[in-house]
1. Out of S278, S244, which single residue is closer than 22 Å to V180 by Cβ and among the small types (G, A, S)?
2. Inspect all residues belonging to region 304-314 and state whether any of them is in a helix (DSSP H, G or I), within 16 Å of ligand 1 (Cβ to nearest atom) and not assigned by TED's automatic domain parsing to the domain that holds S152.
3. Do we have V180 as part of a helix (DSSP H, G or I) and in contact (Cβ under 8 Å) with a residue 60 or more places away in the chain here?
4. For residues in region 157-185 being polar (S, T, N, Q) and within 16 Å of ligand 1 (Cβ to nearest atom), which is surrounded by the fewest Cβ atoms within 10 Å (Cβ to Cβ)?
5. Take I289 and decide whether it is in contact (Cβ under 8 Å) with a residue 12 or more places away in the chain, part of a helix (DSSP H, G or I), of a type in the set (V, I, T) and touching a strand residue (DSSP E or B) at 6+ places or on another chain (Cβ under 9 Å).
6. Can you pull out every residue in region 59-84 that is over 21 Å from A35 (Cβ atoms) and either buried (at least 23 other Cβ atoms within 10 Å of the Cβ) or modelled with pLDDT of 90 or more (or both)?
Amino acid sequence: MTQKTYFITTYGCQMNEHDSERMAGMLEADGYAKAAAADEADVVLFNTCCIREKADTRLYGNLGHAKAIKDKRPDMRIVVGGCLAQKDKSIIQQRAPYVDVVLGTHNLASLPRLLSESTDEPAFEILEQTEVFPSALPARRKSPWHAWVSISIGCNNSCTFCIVPAVRGKEVSRRLGDIVSEVESLVSEGVVEVTLLGQNVNSYGRDLDGKPLFAQLLRALDTVDGLERVRFTSPHPKDFRADSVAAMAESRVVCEHIHLPVQAGSDRVLKRMKRAYSRERYMEKVRMIRDAIPTVAITTDIIVGFPGETEEDFQQTLSLVEEARYDGAYTFQYSPRPMTEAAGMTGHLPKDVVQERYDRLTAMQERISLEHNLAAVGRAEELIVEGLSKKDPEKLTGRTRTNKLVHFRGSGLSEGSFCKVRIDRASPHHLEGSLVERGRPATARKLTLPLASTGSACTSC
Ligand code: 5AD
Ligand code: SF4
């Protein structure tokens, strides 16, 4: 009998990447192999996102394509999972009755069972609460040297533009010991870098016995032998405090990069967004981080055209961007999302106004990103090699601890290996360099303070 195959298309954020790796892991544990393309697979999965884009249009377009294949190969199974499935189970049932399995964000673990139940009729199952933490499921990782590690799921905030709390539910943290054990076992399999995932990594542990702090988790990971880099995404500025900054600064493994979403520079808009910080409070955090970690790269998320945003509000965003001097920013045009407070607000802006502001913002950020990158020219940087450059297959691409992409010439360097390059040229989104050293340069361990010095277990803001 030939081996059954699967193909997963993933939309959206790193959490979805992580969840797709778990779906792949469960299918492989059940004897499936990865297909080269969706057209050839026995099971075609769509792991959907509904945060911003017109995900519905995209999904139904792709489902239409999958249906055309299924018409020719009726045994093919179509699965829809992720945030859009969580939100729209019955709509999918109506609009795409040929879909075999729908599962939400809380029941990834049910995939093998739902697939086997769907032989005669579709199996649709959406839960309101997570039953099995996705990290407890088998994974089929894309990378041999990097792994996503989820530390919490869900979000207890209520940012008025954001659909995440409605589809990912209340925040649930994973036990610190379980996270460290997972990282140790990943390292024993050859992983050198992990990215910790959570909607709000800094409120990690508040729901657990003993209320472990995010800073404690960072320091615990610093003791894992063989682990070289730790990244995390994303902290919420309101919860990002001195103890986490100290842990970042003092832990050898924690990279000098922080993604600190600001969303807007005007206090009036921040209030309407219910972000729970002012521009000044946010800038205090930026200064605190830069003081503690002078080489840090700071990136952010910004929404342009939030309902009621005036030109004056937008000017505040521009001046904040100038003041914070981000290394990079993900910039988004506001899009109303169902089940969010902002969708019902007055003052939705015309598309051309939003586009024009968006263009001004991205031009400013490109200039600042380029200034940062030009300052790196002449410096020697440690990289982990990620593979062949997508721009020029004659070159390799690696990433600095500050999360910058560097293209360089180098043969015989495998994916996941370390090297040192000198930076020769800069663009807003990447650097170019020349190889100066192969292998992991010996670095001194940073001073690591004992856990007791990370502050109290106070978790109030
Ligand atoms: N419109 C535009 N951008 C949004 N984001 C979240 N919701 C919306 C929305 N309704 C952006 C925020 C968030 C990032 C993941 O997506 O900037 O930080
Ligand atoms: Fe959404 Fe705000 Fe939670 Fe981030 S913190 S997931 S923006 S509600």
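The values are calculated or read from the model by the stated rules, or taken from the named source; none is laboratory data. Source: prediction; values computed, not measured. FYI the Cβ positions are ideal-geometry reconstructions off the backbone, even for glycines, and counts take in every protein chain you see.
1. S244
2. The first filter runs over region 304-314 and keeps only residues in a helix (DSSP H, G or I), leaving 311-314.
From the residues that got through so far, the ones that are within 16 Å of ligand 1 (Cβ to nearest atom) too are 313-314.
Then keep just the ones that are not assigned by TED's automatic domain parsing to the domain that holds S152; that gives 313-314.
For region 304-314, residues in a helix (DSSP H, G or I), within 16 Å of ligand 1 (Cβ to nearest atom) and not assigned by TED's automatic domain parsing to the domain that holds S152: present.
3. no
4. At the first step, the residues of region 157-185 found to be polar (S, T, N, Q) are 157-158, 160, 173, 181, 185.
Filter once more, keeping what is within 16 Å of ligand 1 (Cβ to nearest atom): 157-158, 160.
Values: N157: 17, S158: 13, T160: 18.
By that ranking, first place goes to S158.
5. On the way: in contact (Cβ under 8 Å) with a residue 12 or more places away in the chain: yes; part of a helix (DSSP H, G or I): yes; of a type in the set (V, I, T): yes; touching a strand residue (DSSP E or B) at 6+ places or on another chain (Cβ under 9 Å): yes.
Yes.
6. To start, the set of residues in region 59-84 that are over 21 Å from A35 (Cβ atoms) comprises 60, 83-84.
C83, L84, listed by residue number.
Residues are listed down the side, and each one gets a yes or a no for (1) away from ligand 2 (no atom under 14 Å from the Cβ); (2) in contact with a strand residue (DSSP E or B) (Cβ under 9 Å, 6 or more places away or on another chain); (3) not in a helix (DSSP H, G or I):
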position: E131; (1), (2), (3): yes, no, yes
position: N157; (1), (2), (3): no, no, yes
position: C162; (1), (2), (3): no, no, yes
position: Q199; (1), (2), (3): no, yes, yes
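Quick grid of which residues meet (1) farther than 30 Å from V224 by Cα; (2) at pLDDT 90 or above; (3) hydrophobic (A, V, I, L, M, F, W, C):
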residue	(1), (2), (3)
L103	yes, yes, yes
P112	yes, yes, no
F124	yes, no, yes
W148	no, yes, yes
G154	no, yes, no
T160	yes, yes, no
R175	no, yes, no
T195	no, yes, no
